[in-house]
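Scroll down for the structure; my scribbles are underneath it.
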Amino acid sequence: MSRFESWPFTIIGNSLNKIRGLYYTGQYLFETPLHLACSQANIRCIEGILALKPNTNMQNRMMLTPLNLFLNRPPQNEAILRKLLDAGANPNIADAYGYSSLHTLALQPETDKTRIFARLLVEYKANVNSLNIFKETPLNMAIDKGNEGLVDILLESGASINFPDMSGRTQMEIALAKRSRHPRVFKTMSKHLIIRYYCGFPVNLRHLKEVLNSKTCRTFKKRCEEELQQLESRRAGDSTVTFYDILVSSTHEAARFLFNINILVSLQEFDKGESIFGSLLMKKFKEALERFHGLQIGIVAVRKIFPFLPVTCIDKLVEYLDIDDFFNLHECSSFRSQIL
C-alpha cells in the first residue's frame, strides 16, 4: 500500500480494521477523509479536517454526506455538529432513500442529546417537512419511534400534520392509530392540533373532535381560549396592534408591523414563560424580523430602480418577493447607479 493510500488510516486511526474494511470493499473509493472521520465520530480528526476547509457536502455512493454519517451514530457532541454546520454542511441533502438529517436523527433513541441536535439542525434551516422516497417526513418517523421530545420540537418548528404518506395516512392519523402504544406522543400531537386550530392553521375537524373526547384536551382547549383573550387585549407598545394580531398574521404582515419601533421593542421584550402560544409568537417574530431586514433593503432598491412607481405599487410588489429577491434587487440597483 502506497503512502497516499495509507494516509486516511493514519488520520482516522480510531479503528484501523474498520477503516481497512471500508477500503477493501471499495467503499473508501467513494469517501472523503471527512466521511471516514464522521462515520467513526472521531472528534479530533473531524476538527483537523475541517480546519483544512474541505467540501462538507460531498456524497458517497449511497448519497450520504459526512453530516449524514455523523448523525447515523448516537448523538453525543453538539459542538462538533455545530462545527460541521458552520463549515457549510447542508442538513437538507438527502441520501439515496431521501433521508435528510432530521430523518436520520428521528431514527435515534430519545435522549436529551437528540433534542439538542434537533434544535440545532432546525436553527441551521433543516427542512422539517422534507419527504423521503416513502413520502415520510421526519415527524412520521418520530411518531413511529415514540420520540415525544422530537415530535414537540418538529411541531414547534412548523412540521405539517396533514402530509399523507404512501398509504395515505397523515401524521395526525398515525398518532391516533398509535395512541395506546405512544400516549405521550398522542398528547403532544393533540395539544399542537388545538393550538393550530386557534391560530388559523388548516386542521381536520374530525381529528379535533376526536382528541377533544379526552378531558385533558378539553382542559387544555379552555386554557388556550383564556390565553388568546389575554393576547387579544394586550397591545404591542403604544400601537393598535395586539399580540394576537401578530400571532395570526402572515410573515409579511408581521414584518410590516415591525416598521413601528414600539412593536419591535415589545416583541423583543416579550417573555414567553409558560405561555401556550409563546413559542409560536417568537417563531413568527424571528421569521418576521428576517423578512423585515430584507424589506428594508428591497424597498429602497425598488425605489431606485423604479423612481416613479407609486408607493402602493411598491408595497404590493415586495409582498411577492422573498429574501433572495430583495438582495438581487439591491445588487441591480447598485449596478444601475454605477452605470448612470
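A few points about this structure:
- Principal axis box of the range 235-340, alpha-carbon based, largest edge first, Å: 55, 23, 20
- Under the criterion of Cα pairs below 8 Å and six or more residues apart, the relative contact order for the chain equals 8 percent.
- Dipole magnitude of the chain, debye to nearest 20 (Cβ charges: Lys/Arg +1, Asp/Glu -1, about Cα centre): 800
- Cross-link partners of Lys125 among lysines, defined as those whose alpha carbon lies under 24 angstrom from its own and excluding same-chain residues fewer than eight positions apart: Lys53, Lys83, Lys113, Lys135, Lys145, Lys272, Lys283, Lys284, Lys286.
- Gaussian network model of the chain, Cα within-10 Å springs - most flexible of Glu123, Glu226, Glu274: Glu274
- Sequence-distant contacts, meaning Cα pairs under 8 Å at least 6 residues apart, place the relative contact order of the range 235-340 at 24 percent.
- Considering only Leu281, Gly294, Pro307, and ranking their Cα positions along the charge dipole of the range 235-340 that arises from unit charges at the beta-carbon of Lys, Arg, Asp and Glu, the one farthest toward the positive end is Pro307.
- Think of the range 114-251 as having a plus end and a minus end, set by charges on the Cβ of Lys, Arg, Asp and Glu; of Ile153, Phe186, Ala142, Phe186 sits farthest toward the positive end of this dipole.
- Considering helices alone, the calculated mean residue ellipticity of the chain at 222 nm is -18000 deg cm²/dmol, with DSSP H runs of length four and up weighted by -39500 (n - 2.57) and normalised per residue.
- Electrostatic dipole magnitude of the range 235-340 [Cβ: Lys, Arg +1; Asp, Glu -1; Cα centre; debye, to 20]: 240
Laboratory data are not the source of any read-out in this text; all were calculated from the coordinates shown. Because the structure is a prediction, the values reported are computed rather than measured. As a convention, Cβ positions derive from the backbone with ideal geometry for all residues, glycine included, and neighbour counts pool all protein chains shown.
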